[in-house]
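Below: one structure, written as structure tokens.
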Amino acid sequence: MRNRALYGALRDFALEAAALLTDELRSGAEVEFDVLDQGGRRGPALYQYKPRTEGFISERWPRLRVLDTCGAATAALGNGSELWLRVNGGAAGISGEQAEPALRAMLERLYEDATSFGFPEERFERLYREVESTLYRDALAARVVAQLRGVAIEAERVDLGDGLSLVRGEGADAPAQAVWPENGDGEPAVLAVLERDVTADEGITADEAETRFVELVSALRLWAPGRVSLGAPGWRRTDDGPWQPLPFGGGAGAPAGEWFLPGGEEQGLAEFVAAVSRADPPQHVAWARGRFEMGCERLSDADALSDHLLALRALLDATSDAGEASLALRVAALCAEEGRRRLVQRRIESAIALERFVMGGGPRSWPEGDSPVELVAEVEGHLRALLRDVLCGYLDSDLKGIADDILLETNPEPFMEDIRARDTRQEAREPDTAEIEALAPEPEPEPEPAAAAAQPQLEGVTQSADWGFDDPADFSAPV
């Protein structure tokens, strides 16, 4: 199949047309017949009854043409309608915006000599193969695939529009290197697939494919939590030629299945991907989205926390001391119902205190019951929700103004108390070892004794596993 979108559009229209025409018969309408004499001059008269199916459909075409599926089918057929009509003996000069005659001719072919209008599955498949062989006889099928790390989908295939789709690896037309993890163990990966018909002089370039796949990864991260990345390399093939590697991808790995799309959400995801691709946000929103992307690519929750908080500060204009003091309150106003705003506000304040602790400028404790990993996940979730609503047009980009309007409509006093001088160390506890280790990246192997002796020793600081040894600034505060 060369064009899944065209196939789906034509089939949907044929199914709806079959239901309408069948209802007409049940309501008492009848298909008239022509009587044809098939006998010879000297032989006995032989009569054939030929149903006037074309006339039956023609009389009901005004009702068929207003079906939503008819509009989608004519749009999908597009400029190919003229070629199909010309090859099949119809009138030429039909433009892509006037493709109804072609669609009507296909419907008449589908029910040629029929006296009932149940959907003829086999005849439709044959007719569609004729359509494709006509429209794409001079075209080559170009296909690019790449592995999506950390993604799992319940459906076998999710069409996202404009030639882009998600496909489970076990049923994909793709090389084994793209389908299976590098170590050969585990489940087959989900693939990002880009397909398009091209001429012999053109094709899908590596830059185009990488851009589309990177945008897809970004949309998946905004749709739901989970560490998603693009595997390397990509693979390209034209028609039945050999697969060729394309040099892109190679983001941080993630456990398979961490990002999951359950069945029934395919259409919602497709609409979301299209909306995000059309979005043209102002600079501060684009910058915040970039910080969100950085946070999603971090291997350490501690690093991700700062990225996500920076993004929230950009969205809510919290770059001054006054803005920082009201950041948690405004996030709570936007992301929580009135009865839960105090809780969300306190959790954001705890996340800010945790950020100071990670940076070495805050206390070595935080409120009892606040799990550091859960705090990071909550900050990421609030940021994701705000970015989604702005990019999809549900919220204006002036989130600070919206939050202030919400607070003015309610009684701000219960919340204003918390942004005055407040000791966040009350009811604090010492973080346990497991929570500190969960925030930090894995330590590097200890250096050899000789190398350790050559490293600078600074009193009161602890060497970070992420940084080098040449600059005293490359150290973190004690944890």
*By average Cβ neighbour count within 10 Å, what is the ranking of 234-244, 377-387 from highest down?*
377-387, 234-244
*Rounded to a whole number, what % of the accessible area of region 315-397 do carbon and sulfur atoms account for, probe 1.4 Å?*
48 percent
*So what is the accessible area of region 265-345 per residue, in Å², with the probe set to 1.4 Å?*
45 Å²
_Given axes a ≥ b ≥ c from the Cα gyration tensor, I'd like to know whether region 134-244 is rounded (a/c under 1.5), prolate (a/b larger than b/c) or oblate._
prolate
*List the residues whose amide H sits under 5 Å from the amide H of LEU160, counting only those 5 or more places along or on another chain, with H placed 1.01 Å from N in the peptide plane.*
SER165, LEU166
*Once the whole set of protein chains is in place, how much accessible area is left on GLU187, using a 1.4 Å probe, in Å² to the nearest 10?*
140 Å²
*What full-extension length gain, to one decimal in nm, is calculated for ALA286 and SER58 as 0.36 nm per residue of separation minus the Cα-Cα distance?*
76.8 nm
*Pull up all non-local amide H partners of ASP197: gap of 5 or more, or a different chain, and H-to-H distance under 5 Å with H placed in the peptide plane.*
ALA142
*For region 96-177, which whole percent of the accessible surface, found with a 1.4 angstrom probe, sits on carbon and sulfur atoms?*
42 percent
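The values are calculated or read from the model by the stated rules, or taken from the named source; none is laboratory data. Every value quoted in this text rests on a predicted model; they were computed, and no experiment measured them. Here the Cβ is made from the backbone with ideal geometry for all residues, glycine too, and neighbour counts use every protein chain on show. These area figures cover heavy atoms from the full protein model, side chains too; ligands, DNA and RNA do not enter into them. Shrake-Rupley method; radii C 1.70, N 1.55, O 1.52, S 1.80 Å.
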